[in-house]
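The values are calculated or read from the model by the stated rules, or taken from the named source; none is laboratory data. In this text, all values refer to a predicted model and were calculated from it rather than measured experimentally. Cβ coordinates were reconstructed from backbone atoms using ideal geometry, including for glycine residues, and neighbour counts include every protein chain displayed. What goes into the accessible areas is simple: the full protein's heavy atoms, side chains included, and nothing from ligands, DNA or RNA. Shrake-Rupley method; radii C 1.70, N 1.55, O 1.52, S 1.80 Å.
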Amino acid sequence: MLKHLYDTDCVTWSPQGKLFQVEYAMEAVKQGSICLGLKSNDFVVLCSLKRQPSELAGYQEKQFKIDDHMAIAIAGLTADARVLCKYMRTECLEYKYTYESHHPVGRLVFKVAEKSQHKTQSGAKRPYGVGLLVAGIDPNGVHLFETCPSGNYYEYKCQAIGSRSQAARTYFESWFHLFEKSTLEQLILHGLSALKKAIMEDEELNEKNVEVGILGKNQKFIHLNAQELKDYIVKLETFNANTQIQQE
Amino acid sequence: MYIPVNDMLKHFKQDAPAMANITHKSDQWSPYHDNSGTVLAVGIPGAVIVAGDTRLSNGYNILSRDATKLSQLTDKCVLATAGQYADFIALRKFLQQRLQLYEFQNEVQASTETVAHLLSRELYSRRFFPYYTFNLLAGLDENNHGVVYGYDAIGSYDQMTYGVQGSGQELVVAVLDNQLKGYNKINKTIPQTREEILDIILDCFSCAAERDIHTGDNVEILIITAAGTERIVKPLRKD
């Protein structure tokens with residue numbers, strides 16, 4: 001392939017109309033461990049699989065609170081994610097200081113997208129190597145957005161990004177019609193079921209490598225603690241996606 | 001008809017040349033307004049009790065009977081402020097934002113001692129155009145014992161077992177000296193229980209409302225313990 005002729009920097013187009021550097025940045029997102037999000041009328045749930053670099057290391061956190069009404073899950077370069085996280089937090093604090101209310105979610109995602117796009121149109125910069133799932137609640141309702149290194153952003157009912165995320169997306173395609181009316185517990189169990197589809201054969205979900213964050217109209221963003229995670233993973237065994245109830 | 005003092009003096013200057021150089025500054029605009037009211041805080045082992053009246057005034061006028069002087073900054077500490085209400089709001093906003101940032105950066109809420117120092121630095125940063133605020137910071141220390149920090153307008157602070165600020169300060173602090181420390185008390189019984197101290201606080205506000213025109217309407221009390229925050233509101237004289 002003659003890719004290597006046109007992929008040195010962001011300011012060079014390929015004859016097919018692609019910016020290869022941006023495409024490579026999106027690859028970095030695909031290499032990150034999976035994180036997914038799904039929403040109902042009242043709640044958004046973020047589930048991620050935490051990676052452990054080695055036996056001796058801790059697990060890499062994938063979800064960060066931006067404000068009481070907003071949180072992100074990341075896939076890709078964690079260092080780049082930290083930069084965006086800090087930016088989002090600062091923007092929310094300033095907005096709250098000036099307007100005494102929560103930053104509208106779509107507006108902040110747009111700001112992040114602007115920032116990301118900026119990095120794709122310069123000879124001296126590189127795109128951010130991280131994709132974000134932004135969960136948020138504002139007067140316009142319950143939101144789940146995805147941002148890309150390219151500077152594009154999309155709103156979703158449910159989405160999965162990262163390694164082997166297609167399996168999770170396939171699960172969502174079958175069951176997302178139920179999510180709107182699901183309870184919080186059902187939503188979490190759907191999220192974990194989707195996560196389970198995306199893990200390797202020899203892996204298993206446990207309270208150490210799974211991270212679940214929930215956000216609701218009357219619920220500030222919180223992570224589930226280890227005990228709650230254990231309970232849900234046990235409930236997962238008997239969860240029937242179709243009926244959304246535990247089977248005996 | 002209102003005639004500014006300086007205009008009246010023009011007549012003096014013509015009729016009495018010796019008075020020609022007298023100028024009065026009473027028409028000068030001031031950026032400060034004293035919205036008055038009284039706040040107090042008492043620290044006891046295991047809890048801290050903060051109270052403030054809810055009257056907002058300007059001179060002889062009442063602006064509101066229902067304005068809070070208390071602001072909970074973290075799970076463990078509360079800011080109580082007497083003085084200019086606008087400066088209280090501005091100070092509270094700054095602290096809320098700064099403490100949220102602290103929590104993001106340090107993954108834990110700021111301790112009461114940290115907040116106390118932060119408040120002092122913020123007040124001093126305005127040394128040459130001060131916040132017209134007389135603050136008390138009341139909270140639980142690392143051992144969950146009640147502590148009170150008292151401030152002047154430019155940030156000098158010290159830890160105290162109890163403190164009072166505001167227009168009723170002199171009236172109330174003398175009562176607390178007598179009741180909580182047993183100063184000048186013949187029968188030296190110091191209250192031990194939370195209920196006894198709450199009664200004393202309510203009495204103090206009633207006393208202040210009697211004699212201080214700027215204190216009254218309601219008293220709002222927050223009790224901070226490791227278990228959480230409790231809020232009590234009691235009526236006071238409305239005149």
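Taking a point 7 Å from the Cα of B:R237 along the Cα-to-Cβ direction, the residues of the stretch B:62-80 with backbone N closer than 20 Å to it are B:62-67. Comparing B:S167, B:S125, B:S71 in a Gaussian network model of chain B, where Cα atoms under 10 Å apart are tied by springs, the biggest mean-square fluctuation is seen for B:S125. Between amide H atoms placed 1.01 Å from N, distances below 5 Å from B:M160 occur with B:V148, B:Y149, B:G150, all of them 5 or more places distant or on a separate chain. Accessible area per residue for chain A, computed on protein heavy atoms with a 1.4 Å probe, is 51 Å².
Rounded to the nearest 500, the helix-only mean residue ellipticity at 222 nm of chain A stands at -11000 deg cm²/dmol, with each DSSP H run of n ≥ 4 adding -39,500 (n - 2.57).
Computed from backbone phi, the HN-Hα couplings of the stretch A:137-148 come to 10, 9, x, 7, x, 9, 10, 9, 10, 10, 10, 10 Hz, rounded to whole numbers (Karplus: 6.51 cos²θ - 1.76 cosθ + 1.60, θ = phi - 60°; Gly and Pro given as x).
Taking a ≥ b ≥ c as the square roots of the eigenvalues of the Cα gyration tensor, the stretch A:1-98 is prolate, since a/c reaches 1.5 or more and a/b is larger than b/c. Figure legend: label point modelled 7 angstrom from the Cα of A:T78 along Cα→Cβ; residues of the stretch A:43-57 with amide N under 14 Å from it are A:49-57. Of all the options A:D202, A:D138, A:D42, the one that moves most in a Gaussian network model of chain A with Cα springs shorter than 10 angstrom is A:D202. Once both axes come from the Cα atoms, what is the angle between helix B:5-15 and the longest principal axis of chain B, in degrees from 0 to 90, rounded to 10? So the inclination is approximately 30 degrees. Take A:E94: with every protein chain present and a 1.4 Å probe, its accessible area is about 100 Å². Interface between chains A and B: roughly 800 Å² of accessible area buried, both sides summed (probe 1.4 Å, protein heavy atoms only). Of the residues A:H143, A:H118, the one with the largest accessible area comes first in the ranking A:H118, A:H143, computed with a 1.4 Å probe on protein heavy atoms. Computed from the C-beta positions of A:E201 and A:N152 and an R0 of 45 Å, the FRET efficiency is 0.85 to the nearest 0.05.
The heavy atoms of A:S150 offer some 30 square angstrom of accessible surface to a 1.4 angstrom probe.
Summarising the amide proton neighbourhood of A:I222: residues at separation of 5 or more, or on other chains, whose placed amide H is nearer than 5 Å comprise A:I214.
Rolling a 1.4 Å probe over the heavy atoms of the protein chains gives chain B an accessible area of 54 Å² per residue.
Projected label points at A:H223 and B:W29, each 7 Å from Cα along the beta carbon direction, are separated by 5.3 nanometres.
B:R237 sits with roughly 100 Å² accessible to a 1.4 Å probe, with DNA, RNA and ligands left out of the calculation.
Compared with the alpha-carbon gap, the fully stretched path from B:N58 to B:I190 is longer by 43.8 nm at 0.36 nm per residue.
Quick one: Kirkwood hydrodynamic radius for the stretch B:36-236, alpha-carbon pairs, angstrom, one decimal? Don't jump to the answer; show the numbers that get you there.
Values: mean 1/r = 0.0592 Å⁻¹.
Kirkwood radius, the stretch B:36-236: 16.9 Å.
Per-residue 3J(HN,Hα) values for the stretch B:93-103, derived from phi via the Karplus relation 6.51 cos²θ - 1.76 cosθ + 1.60 with θ = phi - 60°, read 4, 4, 5, 4, 5, 5, 6, 5, 5, 4, 5 Hz in sequence order (x marks Gly and Pro). Of all the options B:Y151, B:Y85, B:Y60, the one that moves most in a Gaussian network model of chain B with Cα springs shorter than 10 angstrom is B:Y60. Using every pair of separate Cα atoms, the Kirkwood estimate puts the hydrodynamic radius of the protein assembly as shown at 26.9 angstrom. Taking the Cβ of B:N135 as the center, what net charge do the other residues with Cβ under 14 Å away carry, scoring Lys and Arg +1 and Asp and Glu -1? After counting each charged neighbour, the total is 0. Legend: residues in the stretch B:81-123 shielded by at least 40 square angstrom of accessible surface upon adding the remaining protein chains to the isolated chain (1.4 Å probe, heavy atoms) are B:K93, B:Q97, B:Q100, B:F104.
Here chain B is assigned +1 on the Cβ of each Lys and Arg and -1 on the Cβ of each Asp and Glu. Its dipole about the Cα centre then comes out at about 420 debye.
Put B:T74, B:T193 in order of accessible area, highest first, and with a 1.4 Å probe you get B:T193, B:T74.
In terms of packing, defined here as the mean over residues of other Cβ atoms within 10 angstrom, the peptides B:34-40, A:210-216 line up highest first as B:34-40, A:210-216. The long axis of helix B:169-181 is offset from the longest Cα principal axis of chain B by roughly 20 degrees.
When you restrict to C-alpha pairs under 8 Å that are six or more residues apart and normalise by the size of the stretch B:36-236, the relative contact order lands at 29 percent. For chymotrypsin sites (Phe, Trp or Tyr not before Pro), no site in the stretch A:113-187 is both called loop by DSSP and has at most 12 other Cβ atoms within 10 Å. Scalar couplings 3J(HN,Hα) for the stretch B:66-78, obtained by applying the Karplus form with A = 6.51, B = -1.76, C = 1.60 to θ = phi - 60°, are 9, 10, 7, 9, 10, 9, 7, 8, 9, 4, 10, 9, 10 Hz; x denotes Gly and Pro. The magnitude of the dipole of the protein assembly as shown, with charges of +1 and -1 set on the Cβ of Lys/Arg and Asp/Glu and taken from the Cα centre, is near 1060 debye.
Counting only protein heavy atoms, what percent of the accessible surface of chain A is carbon or sulfur at a 1.4 Å probe?
51 percent
Interface burial in the stretch A:80-98 reaches 40 Å² or more for A:R89, A:L93, A:Y97, comparing the full protein assembly with the chain by itself; accessible area from heavy atoms with a 1.4 Å probe. Between 0 and 90 degrees, the angle of helix A:226-236 with respect to the longest Cα principal axis of chain A falls at about 70 degrees. Shown here for the stretch A:181-228: trypsin sites (Lys or Arg not before Pro) in loop regions (DSSP other than H, G, I, E, B) with at most 15 other Cβ atoms within 10 Å, namely A:K208, A:K217. Per residue, the average separation of C-alpha pairs within less than 8 Å and at least 6 apart gives the stretch A:104-248 a relative contact order of 16 percent. Legend: calculated FRET efficiency, B:A90 to B:D199, from the Cβ-Cβ distance at R0 = 35 Å, rounded to 0.05, equals 0.50.
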